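One structure is given below, encoded as structure tokens.
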Amino acid sequence: MPELPEVESVRGTLAPHVVGRRCSAVTLRRPDFVEGPRSAADLLAGATLVEIRRHGKQLALIGDAGRVLVVQLGMTGRLVWRSAADRDSGPTPHEHVRWRFEGGGTVAFIDPRRFGGLTPLPAADALRDRWGALGPDALGIGPPALARGLHGSWRAVKAALLDQRVLAGVGNIYADEALFQAGIHPSRQAGSLRHEEITRLAAAIRSVLRRAVRAGGSTVRDYVNADGAAGEFSRSHAVYGRGGAPCRRCGETLTVLRLAQRATVACPVCQPENPMIHSFVHTGRSRRAASVGRPR
Ligand SMILES: [Zn+2]
């Protein structure tokens, strides 16, 4: 499923092709792909695109005259740009919507599993309300906002990070990666994190996401950006998809557990489940090691 870096990468590769250009026609092949009104004008036919915005995992195409179209890529959705020079061989399989632009070029919304979709909104106010119901965008998350989201929560911190009302944009991959980088076990109770742990976690979320955005996202399943390029960040994953392999930091075998119905990978040494007991055990171990190694 595309998370923030993949959606940001789609935004960044699509915008140069379409922003400032007028959409001349829209073809909707699956009406149930649109939630709400679905006339050609609702889908931005006749509008000039002024901006593509992103909040969390959602995109919004902003047209002139205040028209807004929210795009959710779901599990397998892709927005694919084809220039006028590309040979038009008709709709590709699972292509549900196609926008044509004045002067040539099209954008196709392709989504085999159809968890994605479009929502036309009447005005920018409606977009503010819709996105206001989500948590802050994860790319700029700071410790105070993260602390507010986790405060008093009995849930596992991983489950809280996946909750889009707490934090918008983080899914399974980047939750695991950020928790590893912060040295926090995914099953720790969210409300039990200490101030310095929250500060570390916020910094880890920002840094993992920024690195992933720079690498064009992670390629899992069939994700590609608007120009058809795959993401390069997958090879940098420290834990995601590496259960049973050695930790890249300490060499311990990475464990797989199930949290919030998702496979979760963590290092039992770098991310102690109970940091208090952990430091005690370690002190004990190092003392024992010292006594064993003492010359007689
Ligand atoms: Zn480790």
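Candidates Leu127, Leu167, Leu162, Leu179: the one that is at pLDDT 95 or above, in contact with a strand residue (DSSP E or B) (Cβ under 9 Å, 6 or more places away or on another chain), not aromatic (Phe, Trp, Tyr) and not assigned by TED's automatic domain parsing to the domain that holds Ser207 is Leu127. Here no strands (runs of 3 or more DSSP E) wholly within the range 85-143 include at least 3 residues being more than 24 Å from Thr13 (Cβ to Cβ) and touching a Cys at 6+ places or on another chain (Cβ under 7 Å). Among the criteria (1) at pLDDT 95 or above; (2) surrounded by 15 or more Cβ atoms within 10 Å (Cβ to Cβ), the one Ser24 does not fulfil is (2).
Looking at Val208, Val224, just one residue is part of a loop (DSSP other than H, G, I, E, B) and buried (at least 17 other Cβ atoms within 10 Å of the Cβ), and that residue is Val224.
Residue by residue, here is whether (1) hydroxyl-bearing (Ser, Thr, Tyr); (2) surrounded by fewer than 17 Cβ atoms within 10 Å (Cβ to Cβ); (3) modelled with pLDDT under 80; (4) in a helix (DSSP H, G or I) holds:
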site: Arg235; (1), (2), (3), (4): no, yes, no, yes
site: Ala238; (1), (2), (3), (4): no, no, no, no
site: Arg258; (1), (2), (3), (4): no, yes, no, no
site: Gln271; (1), (2), (3), (4): no, no, no, no
site: Ser286; (1), (2), (3), (4): yes, yes, yes, yes
site: Ser291; (1), (2), (3), (4): yes, yes, yes, yes
site: Arg296; (1), (2), (3), (4): no, yes, yes, no
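Please pick out the residue among Arg54, Arg38, Arg67 that is charged (D, E, K, R) and surrounded by fewer than 20 Cβ atoms within 10 Å (Cβ to Cβ).
Working: Arg54 fails: surrounded by fewer than 20 Cβ atoms within 10 Å (Cβ to Cβ); Arg67 fails: surrounded by fewer than 20 Cβ atoms within 10 Å (Cβ to Cβ).
None of the others qualify; the one that does is Arg38.
Scanning the range 120-135 for residues that are crowded, with 19+ Cβ neighbours inside 10 Å and touching a helix residue (DSSP H, G or I) at 6+ places or on another chain (Cβ under 8 Å), we see that the one that is farthest from Val265 (Cα to Cα) is Leu121.
Among the residues of the range 90-106, some residue qualifies, meaning at least one is of a type in the set (Val, Ile, Thr) and surrounded by fewer than 19 Cβ atoms within 10 Å (Cβ to Cβ).
Put simply, of Gly251, Gly244 the only residue that is in contact with a strand residue (DSSP E or B) (Cβ under 9 Å, 6 or more places away or on another chain), in the same structural domain as Lys158 (by TED's automatic domain parsing), on the phi > 0 side of the Ramachandran plot and within 16 Å of the ligand (Cβ to nearest atom) is Gly244.
The values are calculated or read from the model by the stated rules, or taken from the named source; none is laboratory data. The structure presented is a predicted model; accordingly, all values stated were derived computationally and were not measured. Cβ atoms come from the backbone with ideal geometry, glycine included; neighbour counts cover every protein chain shown.
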